[in-house]
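The values are calculated or read from the model by the stated rules, or taken from the named source; none is laboratory data. Please read all numbers here as calculations on a predicted model, not as lab measurements. Counting neighbours? That spans all protein chains shown, and the Cβs are built from the backbone with ideal geometry, glycine included.
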Amino acid sequence: MYELTVRSAFEAAHFIRGYEGKCSRLHGHNWNIEALIRGEELDSLGMLVDFKILKAELNKVLEELDHRFLNELEIFVEENPTAENLARKIFRRLAASEIFNGATKLYAIKVFETPNSCVTYYE
Ligand SMILES: [Zn+2]
């Protein structure tokens, strides 16, 4: 089994509805994202997935979030834009990419809200 990780990042603002404390106020983060891919079968070049293609697919998903006020996005009208909800939504969007097949799968998305606070989402 092989596991690949690519990292990327985006910047966005949010606040947490119903939270008692500072996070209820508008503020921003530099969100750092890791996508973990697992598979057993390498292609004829000896790659699981080309890092360049994988990073481009991840960046397509993050582009929709970059320099946005997350609470205003359609996907966060009914849910708070917490790191947990972000991780799940990024996972589902990226997992739908055609670069994944039965043998090579998106395994997890990690969302770092700060360098010391990270959520990992699996399915
Ligand atoms: Zn925050």
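For the stretch 87-123: of the residues being basic (Lys, Arg) and in contact (Cβ under 8 Å) with a residue 60 or more places away in the chain, which is nearest to the ligand (Cβ to nearest atom)? Before you say what the answer is, go through the steps one by one.
Taking the stretch 87-123 and keeping what is basic (Lys, Arg), we get 88-89, 92-93, 105, 110.
Remaining after also requiring in contact (Cβ under 8 Å) with a residue 60 or more places away in the chain: 105, 110.
Working: 105: 30, 110: 16 Å.
Out of the qualifying residues, it is 110.
Residues that are among the β-branched types (Val, Ile, Thr) and surrounded by 14 or more Cβ atoms within 10 Å (Cβ to Cβ) were ranked within the stretch 3-24; the one that is farthest from the ligand (Cβ to nearest atom) is 6.
Within the stretch 84-98, the only residue that satisfies the criterion of being among the aliphatic types (A, V, I, L, M), surrounded by fewer than 20 Cβ atoms within 10 Å (Cβ to Cβ) and in contact with an Asp or Glu (Cβ under 8 Å, 6 or more places away or on another chain) is 95. Screening the candidates 101, 59, 80, 32 for the property of being at pLDDT 95 or above, surrounded by fewer than 19 Cβ atoms within 10 Å (Cβ to Cβ) and in a loop (DSSP other than H, G, I, E, B) yields one hit, 80. Pairs are defined by a Cβ separation below 7 Å, a sequence spacing of at least 6 or placement on different chains, a first member in the stretch 70-86 that is within 17 Å of residue 25 (Cβ to Cβ), and a second member that is modelled with pLDDT of 95 or more and aromatic (Phe, Trp, Tyr); the pairs so defined are 70/76; 71/15.
Under 6 Å by Cβ, and 6 or more places apart or on different chains, what pairs join a residue from the stretch 38-55 that is closer than 17 Å to residue 98 by Cβ with one that is exposed (fewer than 13 other Cβ atoms within 10 Å of the Cβ) and of a type in the set (Gly, Ala, Ser)? Pairs that qualify, where the first residue is closer than 17 Å to residue 98 by Cβ and the partner is exposed (fewer than 13 other Cβ atoms within 10 Å of the Cβ) and of a type in the set (Gly, Ala, Ser), are 39/103; 41/103. Among the residues making up the stretch 18-36, those that are under 18 Å from residue 110 (Cα atoms) and out of contact with any Asp or Glu (no Cβ under 7 Å at 6 or more places or on another chain) are 32, 33, 34, 35.
From the list 34, 84, exactly one residue is more than 16 Å from the ligand (Cβ to nearest atom) and not basic (Lys, Arg). Which is it? Exactly one of 34, 84 is more than 16 Å from the ligand (Cβ to nearest atom) and not basic (Lys, Arg), namely 34.
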